[in-house]
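Working notes, beginning with the structure itself.
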Amino acid sequence: MVRWMFAIVLNLKVPMMKSIKNLESKLDYRTLHFLPFLPSRKREQMEIERKWGDVFFKAKAPEMLNTYDLVTLMFVIREYLKLDWDIKEINGKEAAVKKLDLIKLVKERGVLNKKINRKTLLESIIRLSKVDLFFTKNGKTHVTKYIYDVKYDNNYKEIEIFANKKFIEAVINKGILVNLGNFLILEKETNGGTGYAILLYAFMQGTKTKFNINGRKLLKWREKYREDLLFDILNLNNTNLDKRKKREKIKEAFNVLHKNFDIPKYTYDKFDEMWVRVDLAEKRLNKVG
């Protein structure tokens, strides 16, 4: 009897994990670079400023966006990738309009179909609609949004999203493919550094380097990251942690990614103040030796 029950448990878990790993979505490179999301669960007012190249970025929202909202955004985009949305005008702007089944989405997210869970997901989408994004370049500022408006029923079973059409089209045409299933795995990770690991994983997706093999364009994980850049992207500069504690958070995040996925180990180089790939550093040492 025990063996029979154990077999059922195994048969239930294997397809579920397989389906999680097969989930894919896209994100635009600006979202992956600037990451207006925080590892905190607090819902205070948010204002984030970052710089990438010659672009200054600011995100303002009445409530903080966190890693849960980042994953929600990827789920929303995944639905829009099906190209079955309509176009409507809202406040003089073109919106990509689509109805989403919240029951289906909470199941895909790996949680029970309960009203409280559907409401949590709905509130996340509403938060995404309230954030304003500012991009400043050459003295000119462009203000935009992910989502203009949402409508929903009181049982939280269905939501109608009025997304920014230009944003949706940009993601569809030029977005970076991301493994959404891996983000769900990270959400269930119980070790330390989970929130930071999700942000770091998203950032690393958008900073892969290109290389060619026999005419094929491939991507690989970056060789190194500046410490001050990671402090900024992971929002560690807005904490009361000293540098040693900040480095511990980054180390935990890298370790979580290495443990769960095929991502190289990174270690801190105190002389250059960089986080560098261990495998590449070892190869260089071997060549020198």
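The values are calculated or read from the model by the stated rules, or taken from the named source; none is laboratory data. On a predicted model such as this, the values are computed, not experimentally measured, just so you know. Positions of Cβ are backbone-derived with ideal geometry, glycine not excepted, and every protein chain shown enters the neighbour counts. Areas reflect the complete protein model, heavy atoms only, side chains present, ligands, DNA and RNA absent. Shrake-Rupley method; radii C 1.70, N 1.55, O 1.52, S 1.80 Å.
If you count only protein heavy atoms and use a 1.4 Å probe, how large is the accessible surface of I213, to the nearest 10 Å²?
Around 80 Å² of this residue is reachable by solvent.
Can you tell me the length gained on complete extension of the stretch T267 to N255, counting 0.36 nm per residue apart and subtracting the Cα distance? Intermediate values should be presented prior to the final figure.
Working: separation 12, 0.36 × 12 = 4.32 nm, distance 0.97 nm.
Extending this stretch completely gives an extra 3.4 nm.
Counting each DSSP H run of 4 or more residues in the chain as -39500 (n - 2.57), what helix-only mean residue ellipticity at 222 nm follows after dividing by all residues, to the nearest 500 deg cm²/dmol?
Details: 11 runs with 129 residues, N = 289.
The per-residue figure over the chain is -14000 deg cm²/dmol.
With Cβ to Cβ distances under 10 Å as the rule, what net charge do the other residues near T209 carry (K, R +1; D, E -1)? If you can, show how the numbers build up before the last one.
On the way: positive: K208, K210, K220, R222; negative: E223.
The answer is +3.
Could you pull the accessible area for H142 with a 1.4 Å probe, rounded to 10 Å²?
Per-residue accessible area (H142): approximately 110 Å².
Could you give the accessible area per residue of the chain, probe 1.4 Å, as a whole number in Å²? Please report the intermediate quantities before stating the final value.
Working: 16560 Å² over 289 residues.
Accessible area per residue, the chain: 57 Å².
For R277, R222, write out the residues from largest to smallest accessible area, computed with a 1.4 angstrom probe and no ligands counted.
Working: R277 30, R222 60 Å².
If we order R277, R222 from most to least accessible, we get R222, R277.
Express in nm, to one decimal, how much length is gained between T120 and N173 on full extension, taking 0.36 nm for each residue of separation and deducting their alpha carbon distance.
Numbers: separation 53, 0.36 × 53 = 19.08 nm, distance 2.99 nm.
Length gained, T120 through N173: 16.1 nm.
At 1.4 Å probe size, with the rest of the protein present, what percent of the exposed accessible area of segment 22-177 is carbon and sulfur atoms?
On the way: 3750 of 7940 Å².
Here carbon and sulfur together make up 47 percent of the probe-accessible area.
Given a Förster radius of 22 Å and the C-beta distance between E160 and E63 as r, what FRET efficiency does 1/(1 + (r/R0)^6) yield to the nearest 0.05?
On the way: r = 21 Å, r/R0 = 0.96.
Given R0 = 22 Å and the Cβ-Cβ separation, E is 0.55.
Subtracting the Cα-Cα distance from 0.36 nm times the residue separation, let me have the gained length for N237 to E189 in nm, one decimal. Please report the intermediate quantities before stating the final value.
Working: separation 48, 0.36 × 48 = 17.28 nm, distance 2.42 nm.
Here the segment from N237 to E189 would lengthen by 14.9 nm.
Please state, rounded to one decimal and in Å, the Kirkwood hydrodynamic radius that segment 138-262 gives when every pair of distinct Cα atoms enters the mean of 1/r.
Numbers: mean 1/r = 0.0564 Å⁻¹.
Result for segment 138-262 stands at 17.7 Å.
Given a cut-off of 24 Å, name the pairs among K51/K145; K174/K249; K26/K251 whose C-alpha atoms lie farther apart than that in the structure shown.
Numbers: K51/K145 18 Å; K174/K249 32 Å; K26/K251 27 Å.
Checking Cα-Cα distances, K174/K249; K26/K251 exceed 24 Å.
Rg (Å, one decimal) plus Dmax (Å, integer) for the alpha carbons of segment 74-144?
15.4, 49
Taking semi-axes √(5λ) of the Cα gyration tensor in Å straight from the coordinates, which label in [x] 30, 23, 19; [y] 29, 26, 17; [z] 32, 27, 19 is the correct one?
Label [z] holds the value from this structure.
So how exposed is S40, as accessible area in Å² (1.4 Å probe, rounded to 10)?
Ignoring ligands and nucleic acids, S40 comes out at about 40 Å².
Order the following by accessible area, largest value first: E49, E44, E189. Probe radius 1.4 Å; ligands, DNA and RNA are ignored. Working shown, then result.
Values: E49 125, E44 95, E189 25 Å².
Highest to lowest solvent-accessible surface, that is E49, E44, E189.
Taking the simple approach of a point 7 Å from Cα along Cα-to-Cβ for both R43 and E89, what is their distance in nm?
If labels sit at R43 and E89, their model points lie 3.5 nm apart.
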